[in-house]
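Chemist: The structure under discussion is supplied below as structure tokens; questions concerning it will follow.
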Amino acid sequence: MAFTLGEIAEFLQAEVKGDASIKITGLATLSSAKEGELSFLANMAYRDQLADTSASAVIVHPRQAAECPVAAIVLDNPYLGYAEVSSMFEILPKPSLLIHPSAQISASAKIGENVSIGANAVVEDYAVIDNDAVIGSGSVVGVNSRIGQGTRLHHNVSIYHDVSIGSQSIIHSGAIVGSDGFGFANNKGQWVKISQIGGVAIGDEVEIGANTTIDRGAMSDTRIGNGVKSVSYTHLRAHETPEH
């Protein structure tokens, strides 16, 4: 993958300082960047690295444009610019748009168009997989659960029964959604399990980190609002997480 600096600036709707024809083949930090790579300066703790960088270009704030020794893309939020331009160099494999022969799909499940389902994945009774969704190898979508349009489950994700996940969400490997919360009543020293009869409702554009667990509600659904991002190894038990 290679883009000219001008093409990247146009994508970011930003100004170019220097030669817009420079070819950019990747992204790197100020200290590790080499010729052909684009870096950025967002944290002023790294400002001293700007003078010595070997990057071909740097994304900088207008205040740092004059001190940048190489070509620059100038915009008010360099970190956001880096985040946006990273999509141009995305290496995540494209969905196959195929259902692997080893996948186990219930006859009562509903599968949309352009869905990718990997090897040894399981889609149980009455589950719904909307258009353009990706179900990674080894993942399970439980009874009555729904995976929204364009949502991606990476490898080995476990979605229990009665879980709803909105559109354009990302669930990373090892995540478990819909497991029982901790609910027991004491009967003279014996623990009586409280059935967890709620579900889990996850909104649109949510990203759940690897090995995260999200428990179902005891009586009502655990809710994760639109745009929520969780880090890896998180255990979510709250019954409602606000948007963003």
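Yes or no, residue by residue, for (1) within 30 Å of the chain's Cα centre (by Cα); (2) closer than 20 Å to residue 10 by Cβ; (3) open to solvent by 10 Å² or more (accessible area, probe 1.4 Å):
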position	(1), (2), (3)
47	yes, no, yes
58	yes, yes, no
67	no, no, yes
74	yes, yes, yes
77	yes, yes, yes
83	yes, yes, yes
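Chemist: What pairs come out if I take residues in the stretch 108-121 that are without any contact (Cβ under 8 Å) to a residue 60 or more places away in the chain and open to solvent by 30 Å² or more (accessible area, probe 1.4 Å) and pair them with residues that are hydrophobic (A, V, I, L, M, F, W, C) and in a loop (DSSP other than H, G, I, E, B) whose C-beta lies under 6 Å away, six or more apart or interchain?
Modeler: 114/97
Chemist: Yes or no: residue 27 within 30 Å of residue 116 (Cβ to Cβ) and surrounded by fewer than 17 Cβ atoms within 10 Å (Cβ to Cβ)?
Modeler: It is false that residue 27 is within 30 Å of residue 116 (Cβ to Cβ) and surrounded by fewer than 17 Cβ atoms within 10 Å (Cβ to Cβ).
Chemist: Here's something else I'd like to know. Considering only the stretch 184-215, state which residues are in a loop (DSSP other than H, G, I, E, B), of a type in the set (Gly, Ala, Ser) and out of contact with any His (no Cβ under 7 Å at 6 or more places or on another chain).
Modeler: 189, 195, 198, 199, 203
Chemist: Say we look at the stretch 209-244 and pick out the residues that are modelled with pLDDT of 90 or more and of a type in the set (Asp, Glu); which of these is most open to solvent (accessible area, probe 1.4 Å)?
Modeler: Step by step, filter the stretch 209-244, then rank; the result is 221.
Chemist: Of all residues in the stretch 146-183, which are surrounded by 19 or more Cβ atoms within 10 Å (Cβ to Cβ), assigned to a strand (DSSP E or B) and over 13 Å from the mean Cα position of the chain (by Cα)?
Modeler: 146, 147, 158, 159, 163, 164, 165, 176, 177, 178
Chemist: Okay, next question. Spot the failing condition for residue 219; the list is (1) under 28 Å from the mean Cα position of the chain (by Cα); (2) part of a loop (DSSP other than H, G, I, E, B), and only one is missed.
Modeler: The one condition residue 219 does not meet is (1).
The values are calculated or read from the model by the stated rules, or taken from the named source; none is laboratory data. The shown structure was predicted, so the numbers you read here are calculated from the model rather than taken from an experiment. In this analysis, Cβ positions are derived from the backbone assuming ideal geometry, glycine residues included, and neighbour counts consider all displayed protein chains. Heads up: the accessible areas ignore ligands, DNA and RNA and are worked out on the full protein's heavy atoms, side chains in. Shrake-Rupley method; radii C 1.70, N 1.55, O 1.52, S 1.80 Å.
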